[in-house]
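In what follows, a structure is listed as structure tokens, so that the remarks can point back to it.
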Amino acid sequence: RVCGSSTTLLLLMPASLLGDDDWLAPGFEVVLTEIFSRFDADGDGSLSVPELQAFVRACNGGEEMDEDELSQLSAFHVDAKGQMTRRGFFEMMH
């Protein structure tokens, strides 16, 4: 498992993660959407800091982002509440 996703991600070759336009390949977007949905606990379409920290803990052996790392999240797309959108999650994973 990779951060709670299916093993599909593990089967993709790194070159297949990006499309010809240097954006995420459609298959990779499907996998990231599944991951995003699993950590969007309240189902509101965005990741709050606690939801994002749950994702980070799952990926990093229980370690969370520190305040400096959290402050850098504004570089990615967020909603009106300052929560990371699916687009922002894609940008972060790009």
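The values are calculated or read from the model by the stated rules, or taken from the named source; none is laboratory data. Bear in mind the structure is a predicted one, so any value in this text is a computation, not a measurement. Glycine gets a Cβ as well: all are built from the backbone with ideal geometry, and neighbour counts include every protein chain shown. Protein only, heavy atoms only, side chains kept; ligands, DNA and RNA dropped before computing areas. Shrake-Rupley method; radii C 1.70, N 1.55, O 1.52, S 1.80 Å.
General remarks:
- Check on Ala54, part of a loop (DSSP other than H, G, I, E, B) and either under 14 Å from Arg86 (Cα atoms) or modelled with pLDDT of 90 or more (or both): no
- Close pairs (7 angstrom Cβ cut-off, 6 or more residues apart or separate chains): over 13 Å from Leu52 (Cα atoms) in the range 68-79, hydroxyl-bearing (Ser, Thr, Tyr) anywhere: His77/Thr85; Asp79/Ser46; Asp79/Thr85
- Matching entry among Gly27, Gly45 (being of a type in the set (Gly, Ala, Ser) and on the phi > 0 side of the Ramachandran plot): Gly45
- Against the numbered list (1) open to solvent by 60 Å² or more (accessible area, probe 1.4 Å); (2) at pLDDT 95 or above; (3) under 13 Å from Ile35 (Cβ atoms); (4) not aromatic (Phe, Trp, Tyr), Met93 comes up short only at (2).
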